[in-house]
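Taking it in order: structure first as structure tokens, then the write-up.
The values are calculated or read from the model by the stated rules, or taken from the named source; none is laboratory data. Every value quoted in this text rests on a predicted model; they were computed, and no experiment measured them. With ideal geometry, Cβ positions are generated from the backbone for all residues, glycine too; neighbour counts draw on all protein chains shown. All accessible areas refer to the heavy atoms of the entire protein, side chains included, with ligands and DNA or RNA removed. Shrake-Rupley method; radii C 1.70, N 1.55, O 1.52, S 1.80 Å.
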Amino acid sequence: MRKTSLVFVGAAFGAALTMVATQSFLVGSGADAKTVAKPDVYRLLNLFGDAFEQVRSHYVERPNDGKLVQTAINGMLADLEDSYFIDAQALARNDACSGPRCATALGTIGVAYTIQDGLPTVVTPIDDTPAAKAGIMTGDIIARVDDEQMQGLTYQQFGAKLAGEVGSTVKLTIARLGRDKPLEISVVRDNATRRSVRARGEGGDIGYIRIIQFNESTADQLKKAVDDIAAQIPSEKLKGYVIDLRNNPGGTLDGAIAAADGFLDDGEIVSIRHRSSDKVERLRAKAGDLANGKPIVVLINGGSAAKAEIVAGALKDNHRGTVVGTRSFGEGWDSTTVPLGPGKGALRLATGHYITPSGRLIQSNGIVPDVEAPQDVPDALKVKAAAKTKDKDQPALQSYIPPDPNADKALTAAYALLRKNVADAHAR
């Protein structure tokens, strides 16, 4: 009850703090930024101060001032997409633990997630991780971790609950669309995979490249994948490439830009539109095509999110590849970490929208394939394969991929397209 009361207080303070924090972030951040906040913002700040003092003076138990302010900040950010507070300790851990040297420090379950309506919601499990092996699906709501309620936690706080010693077990209570009762799934934590790309030759005439997630090694691994395929299939027999981005949760922007650039000779990859209408960043491809102009088919599904959607959108809108599958997740925020000062933590704020070269907003819309290829989902898994979307007018997301490649309708369609296109070209 006490915790709930403090959370309610934080939410009540949120409206005032939202305006104050947003205004503070804009001050000094651009040439046209204002140096003085508006009077109504000061009045809202005074309201917060009055409420804070009333809680400190009259709440039934003496609250911890630091936790009270942190709860208020979290309440402020709760209604803002992809934005959360990082406390000083968590920020220090992040700064101290970055890159491959931390791969063995903590285990995790390997799931990409977002916070929707105060609940941790799975974007996609990552290939070859405990989450994928345990059957966690896009759209799953993780209601409890080790019987502890997760509602109301920030992105950072929830992530800390999933982490633990390698080999330790975590129990997840999951709410899944179509299920009357929650699922109890136990997952053994393991080191997060840093593998970005897998590749193989297919049928002696097609190169299959699976990009699991984007990181600092994506560009090098992608080049090696193309080289390995070239060593297996002579150029005159190679009909093209399948780039599989299904259930790819994203990763680093640099890795995604490098991947798109690898198959584009020119053209815009993505633009980032910020709050100020005249502030638009445009990222363009440089000359050089790893595929040497060979046809490309891109596979996406409901688990393709964020940076994966940038790559799919860039190849589609530049008419470099045909997109096959089902609509992607629709997560298109560009985020910035804003330090609050030494020992005070930081804010993670959504500060821009990703826009495809044709002007399509990725957030909530996703990427719509050129060729729809939904999977035939087994009856026992049908409720697992569909994920509810925020927009009720949008169809449910599908992230199911058959374990047997021969039953994979999207993959089969991709192969058929590449072989048909080459056959048609020869006929002409």
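Kindly establish whether residue 40 is among the acidic types (Asp, Glu), at pLDDT 50 or above and closer than 23 Å to residue 84 by Cβ.
no
If residue 377 meets every condition in (1) modelled with pLDDT under 90; (2) β-branched (Val, Ile, Thr); (3) crowded, with 20+ Cβ neighbours inside 10 Å apart from one, which number is that one?
Failing condition for residue 377: (3).
Quick check: anything in the stretch 76-91 open to solvent by 60 Å² or more (accessible area, probe 1.4 Å), closer than 22 Å to residue 165 by Cα, modelled with pLDDT under 80 and not β-branched (Val, Ile, Thr)?
no
Hey, among 283, 290, which residue is outside any loop (DSSP other than H, G, I, E, B) and either under 15 Å from residue 314 (Cβ atoms) or basic (Lys, Arg) (or both)?
Step by step, each of 283, 290 is checked, and only 283 is outside any loop (DSSP other than H, G, I, E, B) and either under 15 Å from residue 314 (Cβ atoms) or basic (Lys, Arg) (or both).
Quick one: would you say residue 123 is among the aliphatic types (A, V, I, L, M) and either closer than 24 Å to residue 197 by Cα or open to solvent by 70 Å² or more (accessible area, probe 1.4 Å) (or both)?
Judged against the criteria, residue 123 is a match.
Can you pull out the strands (runs of 3 or more DSSP E) entirely within the stretch 152-271 that have at least 1 residues that are loosely packed, with under 15 Cβ neighbours inside 10 Å and hydroxyl-bearing (Ser, Thr, Tyr)?
169-175, 183-188
Starting from the stretch 238-256, take each residue that is polar (S, T, N, Q) and list its partners that are in a helix (DSSP H, G or I), counting only C-beta distances under 6 angstrom and pairs at least six apart or across chains.
248/308
Yes or no: residue 284 surrounded by fewer than 18 Cβ atoms within 10 Å (Cβ to Cβ) and basic (Lys, Arg)?
yes
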